[in-house]
Structures are given as C-alpha cells and as structure tokens.
Amino acid sequence: MTTAQIYNHGVAWEEDFGVTQGYSIHGTIYISGQFSHDMEGNFVGEGDVEAQTRQSLENLDRVLAGFGVARANIAELEIFLAHPQEHFQQCVGLYKEYVGEHRPAVTLVGVSGLAFPHQLVEIRAVAHTD
C-alpha cells in the first residue's frame, strides 16, 4: 500500500484553514496555490506584482525541496493573476526566468480577485518524483 506524504511551510494559518502545501502520492505531487508570504505567514510585496511573484515562486521551490525534487520535476503550473492586462508581460517574464529551459504545461488565468484584497498572484503546480 502506498502512503501519501505531505509538506507544510509551518505557518499558523495552515492548521487554521486545514491546508496542506503539498500532497504526494504514487509519484505525483499536488502543490497548493502558493502566494506571497514569508515563513512567519506575513504577506510580502503589497502592490508589487514582481515581489509577489518572486516570493510565490520561492515558496513553490520550498515545497518542491520538501519532497526532494527540483523545478525540472514540475509537470504543470497554473498561474492566477489579478489585473492580467496590467501585469501579464511582467509575470510571463518572471515565469520564464524561473523555469529556464524547462517547459512544463502552463495555464495563466486572469481573475477579478484572490483570497486577500492585496494579493495579485497565486501559483499552483503538479510535479513528479521520478
């Protein structure tokens, strides 16, 4: 029988909201939407899409590392972006910098709002362990 593994950042709101940052079973890692917060759970980069995107990707890297894998193991990314007409080019540039030569499947979705009023971006992913 295969046992699922989980990863959490260790911030208080994970328990409060019943959130797991990453869930791995049968070689697939399902990564919850990462947003711009530090490891104390404080929001980072209010009003700054670049700072928020970089922090969200840094948090994604932490989840990957928690399962012992790298960016090359990402199979799919889904980016939720508030104000896409304003932030599209900058977000795509940061995404391309992040993945380098790796080419996972990607969907960018423009949204009217996210969980927090000052949140501009959220990034979820699916990765593999092999």
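The values are calculated or read from the model by the stated rules, or taken from the named source; none is laboratory data. This is a predicted model, so every value here is computed, not measured. No Cβ is skipped: glycine too gets one built from the backbone with ideal geometry, and neighbour counts run over all protein chains shown. Protein only, heavy atoms only, side chains kept; ligands, DNA and RNA dropped before computing areas. Shrake-Rupley method; radii C 1.70, N 1.55, O 1.52, S 1.80 Å.
Structure above, values below:
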{"quantity": "Angle in degrees between helix 84-99 and the longest Cα principal axis of the chain, rounded to the nearest 10", "calculated": "40 degrees"}
{"quantity": "Angle in degrees between helix 49-66 and the longest Cα principal axis of the chain, rounded to the nearest 10", "calculated": "0 degrees"}
{"quantity": "Sparse-neighbourhood loop sites, GluC sites (Glu not before Pro) in the stretch 1-62 - DSSP loop, at most 13 other Cβ within 10 angstrom", "calculated": "40, 46"}
{"quantity": "Packing rank of 16-29, 75-88, 106-119, where each peptide gets the mean count of other beta carbons within 10 Å, highest leading", "calculated": "75-88, 16-29, 106-119"}
{"quantity": "For the chain: accessible area per residue (Å², 1.4 Å)", "calculated": "54 Å²"}
{"quantity": "FRET efficiency, 1/(1 + (r/R0)^6) with R0 41 Å, evaluated for residue 3 and residue 97 via beta carbons", "calculated": "0.70"}
{"quantity": "Top of 68, 45, 33 by mean-square fluctuation, Gaussian network on the chain, Cα under 10 Å", "calculated": "68"}
